[in-house]
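Quick notes on the structure that follows.
The values are calculated or read from the model by the stated rules, or taken from the named source; none is laboratory data. Owing to the predicted nature of the structure, the values given are computational and were not obtained by experimental measurement. All Cβ positions, glycine included, derive from the backbone under ideal geometry; neighbour counts span all protein chains shown. Surface areas here come from the heavy atoms of the whole protein model, side chains and all, with no ligands, DNA or RNA. Shrake-Rupley method; radii C 1.70, N 1.55, O 1.52, S 1.80 Å.
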Amino acid sequence: MSNVFVRFLIGGLALLVAVGYKNYRDLAAPGKRPDLDNNAYWGPKLGKQIYKENKAILPYDITVNPEVIADLKSQLSRPLKLQEPLEGVGFEYGFNANELRQVVKYWRDTYLTNWSEREQYLKKLDHFQTEIQGLKIHFIHAKPSKEAGKQGKKVLPLLLMHGWPGTVREFYDFIPLLTTPSDKSDYVFEVIAPSLPGYGWSQGSSKTGFGVAQVAVVMRNLMLRLGFEKFLVQGGDWGSLIGSNVAGLFPENVLGYHSNMCGNNSPMGNLKLVLSFVFPSWFVDGQFAHFYRGAGGLFKTIMEEMGYAHIQATKPDTVGNALIDNPIGLASYILEKFSTWTNPAFMALPDGGLTKRFTYDQLLDNVMIYYVTNSITTSMRLYSESMNKAQSSLAVDSVPITAKTGCTRFAHEIAHTPDAILANKFPNLVHSTYFEDGGHFPAFELPEQLYADFTAFVQKADL
């Protein structure tokens, strides 16, 4: 009888091992590229008209109607009715009302008084617009200086993408570094920095189902429209996710992928993430252990910092209706992220540490782009269209990125992913770095450090 029990036990264990191994193989199996319509139309309803894409690439004038500025100044001049913050509280409850008064005062009395200077600053890079899949897409096109050719530098095209609540304004100090020859790099870059669809001067989709995968198609088609069959991709936040989708869906077009927010949301990536909470030493290099906060830290971040994502993924129009044509509310909602996401320690400060890394002019430039284009609602819809079952069913996260990849981590980023968890998503990870400073907006906050890391990646990739 005991022999029979032993046989059953061994047989049961063998079956469990076999099932576990099969499930592991299924999880580890690379996903297949979904069959997306690369010409899908996302513009307004046409009626009986047949859509014919206007392929012209035209200079775009970002001049703001003076009446809009006058009306904004009038709104900012109304008596402020703000709730006083709790005693001893900084930004722990959100944007501190005392600091908001200072922002509004500067915005009204200094920034708008000098609006012509700010507008000229925003115009210092070349702006263009073209139509892709029914959407008018705005982009900055910055070409290398003539010195690059004289110095024998190799020129590579780069698709550079922002996220939320950012805009192309994040890149104004970063782009000149990329296009100017440096003794520290053999490369210079021809930069295409689009406003994501629904952000800033780019038109938002009129139809549902326009998530990160579909945006990736539009971004790739933009690069093809401009004559770039092969190009590099760099991004953070949504720019990272859209960029990884571009690289996964169109490996034939992507020379390399670099991000300051690499992640792996594949089934195997999520399994490894859970295991890393139990066995951190299996996944995390000890010298960088302080970058990773474990299950408790992740839960704390979700509870304290991800509420905005939940509401934007479920009711973006409700929030948008409250913020559109409401400049003070808009500034409060956007600028709070430039405090806590730059360094969570700033949350304890009465002014949120806003001017420790940025100037009011920089921050208000970014807010103004949302305000004058009325794009806050359409920008937030990307959450709703990307965080749903339809988008997950495409399983783009399971498609390995074969292009050479570089991942960098700035200390105060919202979350980090170690190389061991990234491995199945990025099998060609050739560059992985850590910085003991910086947060979620490195191109805006620490452009020289991001430039150094990006060019180091390109050098290693030997493109």
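Residue 306 contributes an accessible area of around 50 Å² to the protein surface, as traced by a 1.4 Å probe with all chains present.
Beta bridges from DSSP with both residues in segment 130-240: antiparallel share about 40 percent, rounded to the nearest 5.
Given the pairs 45/207; 154/184; 55/124; 123/146, which are separated by over 19 angstrom at their Cα positions?
Numbers: 45/207 9 Å; 154/184 13 Å; 55/124 25 Å; 123/146 21 Å.
From 45/207; 154/184; 55/124; 123/146, over 19 Å: 55/124; 123/146.
Plainly put, segment 394-463 has a radius of gyration that is 0.99 times its Kirkwood radius, both from alpha-carbon atoms, as the Rg/Rh ratio.
For the chain, taking Cα atoms only, Rg and Dmax work out to 23.7, 93 Å respectively.
When ligands, DNA and RNA are left out and all protein chains stay put, how many square angstrom of accessible area per residue does the chain have with a 1.4 Å probe? Mind showing how you got there, number by number?
Numbers: 21540 Å² over 463 residues.
Value for the chain: 47 Å² per residue.
I want the local charge near residue 197. Using Cβ-Cβ distances under 11 Å, sum +1 for each Lys or Arg and -1 for each Asp or Glu among the other residues.
Numbers: positive: 136, 381; negative: 385.
Charge balance in the 11 Å sphere: +1.
Heavy-atom accessible area, probed at 1.4 angstrom with all protein chains present, ranks 412, 141, 310, 440 as 310, 412, 141, 440, highest first. The Rg/Rh ratio for segment 307-463, using Cα coordinates for both the radius of gyration and the Kirkwood hydrodynamic radius, is 1.01. The solvent-accessible area of residue 274, taken with every protein chain present and a 1.4 Å probe, is close to 90 Å². Positive contributions from Lys and Arg (+1) and negative ones from Asp and Glu (-1), summed over other residues with Cβ under 12 Å from the Cβ of residue 78, come out at +2. So, with a 1.4 angstrom probe, what is the percent of accessible area on the chain that is carbon and sulfur? Reported share for carbon and sulfur atoms: 56 percent.
A simple spin-label model places pseudo-atoms 7 Å from Cα toward Cβ; at residue 392 and residue 230 they are separated by 3.8 nm.
Checking every one of the GluC sites (Glu not before Pro) in segment 397-463 against DSSP loop status and a limit of 12 other Cβ atoms within 10 Å picks out 436.
In segment 332-364, which residues have a backbone nitrogen under 17 Å from the label point lying 7 Å from residue 68's Cα in the Cα-to-Cβ direction? Under cut-off, by backbone N: 364.
Looking at the chain alone, DSSP beta bridges between its own residues are antiparallel in about 30 percent of cases.
Our estimate of slack between residue 35 and residue 116, defined as 0.36 nm per intervening residue step minus the Cα-Cα distance, is 24.4 nm. Loop-located GluC sites (Glu not before Pro) across segment 80-142 with a Cβ neighbour count of 16 or fewer within 10 Å are 87, 92, with loop assigned by DSSP.
Taking label positions 7 Å along the Cα-Cβ direction at both residue 318 and residue 147, the computed distance is 5.4 nm, reported to one decimal.
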